[in-house]
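The values are calculated or read from the model by the stated rules, or taken from the named source; none is laboratory data. What you see is a predicted model, and the numbers here were worked out from it, not measured in a lab. Neighbour counts are summed over all protein chains in view; Cβ atoms, including those assigned to glycine, are modelled from backbone coordinates with ideal geometry. We work out accessible area using only protein heavy atoms, side chains counted, and drop any ligands, DNA or RNA first. Shrake-Rupley method; radii C 1.70, N 1.55, O 1.52, S 1.80 Å.
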Amino acid sequence: MSSPQPRTTSAPPGVPARQAALRLLDAVLRRGETIEQAAPRATGALRADNDRALARAIAAEVLRHLPDLDDLIDSATRQRLPDDAKARFALRIALAQMLALGTPPHAAIATVLPLVDGGPRKLVHGVFGTLGRQGVTLPDPPALPGETVARWAEQWGDAMVEAARHALATPPPLDLTLKSDDGPDGTALLPGHRRLPRGTAIPELPGFAEGAWWVQDVAASLPARLLGRGPGVAIDACAAPGGKTMQLAAAGWTVTAIDIAESRLARLRANLDRTHLAADVIAADATQWRPAAPADAVLLDAPCSATGIFRRHPDVIHRVHSALIDQMADLQRHLLAHAAGWVKAGGQLIYATCSLERAEGEDQAAAFLSANRDFTTRPIRADELPPGLAPSPEGWLRILPGAIADPGGCDGFFIARFVRAR
């Protein structure tokens, strides 16, 4: 399928948002981009915020249910449509609206037919009508892509795959990290944490304008928590968008925040301004940069495949393949080896990734300890973690789908804490 071109100026009402959803899906499935990367280009022509939000919601639901949507489409066609056929994309969008978002069938099909021309339009209309008359539904929980199932089953077993399917079924709740322990009413899994229902209007919550808290999944808050409180000098490598930087600053550390992307650092600075917290923010490549003096603590939340955040970003399970995991693991090795040189004797080093891949977690930690005899694991303790999480026998933390499921679950993560002996 050639890259869809914007046609928003003459399209009927409701169609421009579906055209934007098509462009988002094309960017994810054909070019391997994230929705975040693709959104400015794909939705930029939409004038209304609610249209941009709708385009993203449609694309996210298609990706959340993609194997099941394709099975439905294939059940109603005599000859299988190519994966990149525009007719298949249009049917995915129409079915996701009807079956996942509750859009009335007539509106779901009317807003996608303008996405296709000629004969495929009749095909789309016919397949959608056939499936509608059959009263089809989507499986609950949704299926995962075959490659993802094979990879995760090999690493963690079938029970993890089933837990991942259930985690994918529902977007996650809203987690807040508080500057102090005062914040909006909600469930507290840890001191300084609140969990609220998904769909909560963030700007309307008390304390938003005052910078009393920020949005951060409870799992993503653990790496900074595990460094404890300052005073001391802490370096947050790969820091943007700034959640961990703000945690460290609020905990009394003198923080240097490093990130290679100036555009992402702009968001970090805005977050620091809103929360009235301070950090020395530096745009630099963390594989090359060095501090003027060793630090008491270094937090490396390394770039990774991000497969652990699949429930809030379902594009990852369709973009991430073994080659990308290998590429990210190589980058992590370089970052971890370089960041180790920033830690002073007796100082701590946290290595973390929001990944469900051993190559980006346990394998990295083991290889690092083997190559760096002056570092040892400082075991993570159960009393440092939310109920429902437990350290591994090595003293590391591996968070898999299904963890703390009753209060709404959390992202997948790997965290190891090291200390430098000399």
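Assorted remarks:
- Fully extending the segment from Ala159 to Gln79 would add 25.3 nm, taking 0.36 nm per residue of separation and subtracting the current Cα-Cα distance.
- Distance (nanometres) between label positions extended 7 Å along Cα→Cβ at Ser263 and Asp49: 2.1 nm
- Estimated distance in nm for a label pair at Ala323 and Thr130, the labels positioned 7 Å out from Cα along Cα-to-Cβ: 3.4 nm
- Measuring nothing but how far apart in sequence close Cα pairs (under 8 Å, 6+ apart) lie, relative to its length, segment 218-330 scores a relative contact order of 26 percent.
- Segment 9-166 - percent relative contact order, Cα under 8 Å, separation 6 or more: 22 percent
- Kirkwood-type radius of segment 317-383, with distances r between different C-alpha atoms, in Å: 13.2 Å
- Alpha carbon centroid spacing (whole Å) that separates segment 354-380 from segment 153-208: 26 Å
- Counting only protein heavy atoms and a 1.4 Å probe, segment 298-356 has 29 square angstrom of accessible area per residue.
- Computed with a 1.4 Å probe over protein heavy atoms only, the accessible surface of segment 151-249 comes to 40 Å² per residue.
- Summing Lys and Arg as +1 and Asp and Glu as -1 over all other residues whose Cβ lies under 11 Å from the Cβ of Ala96 gives a net charge of +1.
- Taking the Kirkwood radius as Rh and the Cα radius of gyration as Rg, segment 208-319 has a ratio of Rg/Rh equal to 0.97.
- Hydrodynamic radius of segment 116-195 per Kirkwood, over alpha carbon pairs, in Å: 17.1 Å
- Computed on the Cα trace of segment 12-101, the radius of gyration divided by the Kirkwood hydrodynamic radius gives Rg/Rh = 0.97.
- Per residue, the convex hull around the alpha carbon atoms of the chain comes to 146 Å³.
- Apolar share of the accessible surface for the chain: 53 percent from carbon plus sulfur atoms, 1.4 Å probe.
- Size estimate for segment 258-329 follows the Kirkwood approach: the inverse of mean 1/r over distinct Cα pairs works out to 14.9 Å.
- Ala421 sits among other residues whose Cβ lies under 9 Å from its own Cβ, and their net charge, with Lys and Arg +1 and Asp and Glu -1, is +2.
- If the segment from Asp182 to His334 were pulled out straight at 0.36 nm per residue, it would be longer than the present Cα-Cα gap by 50.8 nm.
- Averaging the sequence gap over all C-alpha pairs within less than 8 Å and six or more residues apart, then dividing by the number of residues, gives the chain a relative contact order of 12 percent.
- Bridge type composition, the chain - antiparallel percent by DSSP, nearest 5: 55 percent
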